[in-house]
Structures are given as C-alpha cells and as structure tokens.
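Just so it is clear, none of the values below were taken in a lab; they were calculated from the coordinates. The structure presented is a predicted model; accordingly, all values stated were derived computationally and were not measured. Using ideal geometry, Cβ is built from the backbone for each residue, glycine included, and neighbour counts are taken over all protein chains shown.
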Amino acid sequence: MKSMKFFKLRHLTVVCPECETVFATFELARTPPVDKNTPIEADLHRILPDPELRAALLATCPNCLHTWWLSSFSEHYFLPQVVPDTPPLEPSKKFAHAVQTGRKNNVHFLDRAVLALNGYWCSREEGLTGEKFLKLARTEMAAALKDTSWVGNRGRYNYLMAEILRLLGEFAEADQYYQKVDRNSRLPRELTEKMRSFAQGGNKAPVRLPPHIVEEIFVPKSAVSA
Ligand SMILES: [Zn+2]
C-alpha cells in the first residue's frame, strides 16, 4: 500500500447553505492514519502539525459568516480560483464563529461543546493556551451532560469534562467527573486512574498519551496484526 505520511489540503468551491454565496475554501483531503506513535493528548485529540489543518474542517461564508463543518456545505463546480475566498480569519477564530452559528441555529450543547474543544485544540496548534475556548467548552459540556434526553457515550463525555476541568485547574470538580467514567466509555482504566491522580496532585498540564494507550484506544485491532 502507498504510504500516507502527509496531511494534504485541497482547494475547492462550496455553496453557503444560509445565503447561497459561492466561495472558495480548503478541505482536509488527506490525513495519515493513526499508529501508536501518533501524538495524541489525554483529552483524546490528535495534535495536528498546522492550525490550518483543523480549521479546514470548517467553512466560513464570506457574505454572512455562517460557519459550520465543511461536510454540511455542498461543493460547486466553479473553479476555486474564480470565486471569492473565505474570509482570512485566524484558524481558531473559525471555531468561535461556529459556536456562534450553533447558538443562532439552536444546535445541541453537545455539538457546541465539541466545536469549543476543537477551538481549544486549534488554539494550542497556533501556539496559544486556548483558555477562552476551554472555558467555553466547560460551559457547553456541563449543559450537555445535564440534559438527560440524549443517548450516547456519556462515559466518554464525562471523561472529557474531567479533562477540561483538570486543564483549567479545577481539580476537585475534575475528580468528580473522573469518578463517573464507566466501562461504557471504552477507555482503559489505567488512563482514567492516571489522569485522576494527576488532578489530585494539582497537575493542569496537557499530557501526551503513551504509545500503548494510543494503540489501545485508537488503532483498530486488524491494523495492529497486519
Ligand atoms: Zn452565507
């Protein structure tokens, strides 16, 4: 099989679903597969080598600033070189616009929490602390977890909430959420216990996952034996 070591962006033309403006943006067209040495942090995000890569998961309309996952925009046959460009925003700023769009369209807190978390990760990829986004993620995730009407992997979201709180230095609250992580989260017990002990020790630093944990969570079993 051909090796896929590099990320690749593709220039394309899309249509805004809100105002029908046709504009050019980039999509993340190729992502190397995860292996045990892929840099992934304890909040379960892969570190991307350039903030533009994560920003390319979203598109921002230059006319009405509607910002959402690129996959919700339809592609248009015009060449991207002949249509207006997406506005020149800092990559993480796109995630702030997406949270705004989500609020305007009344999307669920959980979707907004995921966008805010991506904003934090993008900020980090820009070399910043991303604390504003972390606080936003805490607010949206707390509201999402309070809502009992949705079905999903709550164990995993409880874990993410614990990590958000640990990274914010709110260790007592983080501890409560680590305790709610159950077997349904499909996360290694070793991981939850390790991160809980970091919180108890007052450690708010981002933590990179060791290769065996990356493998256990992210690498499909068939890929390990191949
Ligand atoms: Zn628009």
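General remarks:
- Relative contact order of the chain, defined on C-alpha pairs under 8 angstrom at six or more residues apart (%): 19
- Going from the residue with the fewest nearby Cβ atoms within 10 Å to the one with the most, H212, H108 rank H212, H108.
- Nearest-20 debye value, region 99-212 charge dipole, Cβ charges on Lys, Arg, Asp, Glu: 140
- For the chain, the longest principal axis of the Cα atoms and the long axis of helix 154-167 meet at an angle of about 90 degrees.
- This ranking places S197, S92 by how few other beta-carbon atoms lie within 10 Å of each, fewest first, which gives S197, S92.
- Among V14, V82, the ranking by other beta carbons within 10 Å of each residue's beta carbon, starting with the fewest, stands as V82, V14.
- Phi to ³J(HN,Hα) by Karplus 6.51 cos²θ - 1.76 cosθ + 1.60 over region 96-113, Hz, x for Gly, Pro: 5, 5, 5, 5, 4, 4, x, 5, 4, 8, 6, 6, 5, 3, 5, 5, 5, 5
- In the chain, helical runs assigned H by DSSP with n ≥ 4 each contribute -39500 (n - 2.57); averaged across all residues and rounded to the nearest 500, the mean residue ellipticity at 222 nm is -13500 deg cm²/dmol.
- Only Cα pairs under 8 Å and 6+ residues apart enter the sum, and on that basis the relative contact order of region 115-226 stands at 19 percent.
- Here the dipole of the chain is about 460 debye; that uses its Cα centre as origin and unit charges on the Cβ of Lys and Arg (positive) and Asp and Glu (negative).
- A simple spin-label model places pseudo-atoms 7 Å from Cα toward Cβ; at V151 and R30 they are separated by 4.0 nm.
- Cut-off 18 Å, label 7 Å out along Cα→Cβ of E20, residues of region 70-86 by amide N: 73-78, 84
- Relative to its Kirkwood radius, the Cα radius of gyration of the chain gives an Rg/Rh of 0.99.
- Separation in nanometres of the label points that stand 7 Å from Cα toward Cβ, at E52 and S74: 2.9
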